[in-house]
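Participant: Attaching a single structure in structure tokens format; questions to follow.
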Amino acid sequence: MSICGGIAGRRGHSPKGIFIHNDAGGQFLDANYWANALAGGEHSLGNGFAHYYVDQNTIRQVEDDVNCAWHCGQEDSNMNYLSMEICQSMGLKDTFLANEERGLQLAAELCKKYGITPNESTIRLHQEVFATACPHRSVELHGGPKACKEYFIRRIKELMNNVNETQKQGANGRREVTMMCLYTIDGKGPVIFFDGKEFHPLSHPDEVTILNKIYKDNNGKDLPCYSWSSKAPWYARLQAAVKRTQK
């Protein structure tokens, strides 16, 4: 039994598409907060709810896919579309963008599951059908409603095609795969930065901070960081593989 218990009715057929919302919540209003607030009655179901609440670490489904949700204030949209709230949209930019990326990953998974082709009629913004700014933060960060919707559709298609999150479009139109990471060995010594070709010991914590910030601004997620043991020397295997490919 879902938290919302089918209160908005049963759809009776596969969803036509997905509405993407922003929660208008602050930095501490993550997916668990909203699910718990709905379950505990702090947020009345009658005031609206989505199927999913998403942050970068957690996805909380509060209504089953086969049921409707009161998420749009418009009957066709409530009846025929799945919905998700991207959480913490009034919080920190980096946090919100990471949450949004996780939501787009979920949208890609749902599109695959239900045979939905991402396009103008299947990937929707709340403001298309109701007098609201929602999804306000996404629209602001992606250059307006039209550009935001185009970004959502494009990114969902990429994720459906299993494009790695760390791939970016190069100036020559080709895909450039980023293999950068940080790692430590036995928790001792310097943090090592691997830039995809060479290994660089870092000498100051601020170096880790700035490298991670640049990577996250470009890729929407933290730079991968590993803690490897000398008993299972994966760092040595990585170094050997890189040196071998350079010959």
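Values in this text are rule-based calculations from the coordinates and carry no lab data. In this text, all values refer to a predicted model and were calculated from it rather than measured experimentally. Backbone-built Cβ (ideal geometry, glycine too); neighbour counts: all protein chains shown.
Participant: In a shell of Cβ-Cβ distance under 14 Å around VAL191, excluding VAL191 itself, what net charge do Lys and Arg (+1) and Asp and Glu (-1) give? Display every interim value, and only then the final one.
Facilitator: Values: positive: LYS188; negative: ASP186, ASP195, ASP206, GLU207, ASP222.
Net charge in that neighbourhood comes out at -4.
Participant: Turning to a different aspect of this structure: Could you compute the longest span of the chain free of GluC sites (Glu not before Pro) located in DSSP loops and having at most 10 other Cβ atoms within 10 Å, not counting the site residues?
Facilitator: Result for the longest clean stretch: 43-197.
Participant: Taking neighbour counts of Cβ atoms within 10 Å as a proxy for exposure, in what order, fewest first, do HIS21, HIS204 appear? Mind dumping the intermediate values first?
Facilitator: Values: HIS21 28, HIS204 10.
Listed from fewest to most nearby Cβ atoms, that is HIS204, HIS21.
Participant: What does the charge count around HIS43 come to, taking other residues whose C-beta lies under 13 Å from its C-beta (Lys +1, Arg +1, Asp -1, Glu -1)?
Facilitator: Details: positive: ARG60; negative: ASP23, GLU42, GLU85.
Neighbourhood net charge equals -2.
Participant: Okay, helix-only estimate at 222 nm for the chain: each DSSP H run of n ≥ 4 adds -39500 (n - 2.57), divide by all residues, round to 500 deg cm²/dmol; what do you get?
Facilitator: -11000 deg cm²/dmol
Participant: Follow-up. Please enumerate, by chain and number, the lysines with C-alpha under 26 Å from the C-alpha of LYS188, excluding those fewer than 8 residues away in the same chain.
Facilitator: The qualifying lysines are LYS197, LYS213, LYS216, LYS221, LYS231, LYS243.
Participant: Another question, then. Direction-averaged shadow area of the convex hull around the Cα atoms of the range 17-160, nm²?
Facilitator: 7.6 nm²
Participant: Counting only C-alpha contacts under 8 Å and six or more residues apart, can you give the relative contact order of the chain as a whole percent?
Facilitator: 17 percent
Participant: Compute the distance in nm between two label points, each set 7 Å from the Cα along the Cα-to-Cβ direction, one at LYS197 and one at GLU42.
Facilitator: 5.1 nm
Participant: Here's another thing I want to ask about it. Do you know the Lys pair count in the range 17-160 for C-alpha distances under 20 Å, with sequence separation 8 or more or different chains?
Facilitator: 6
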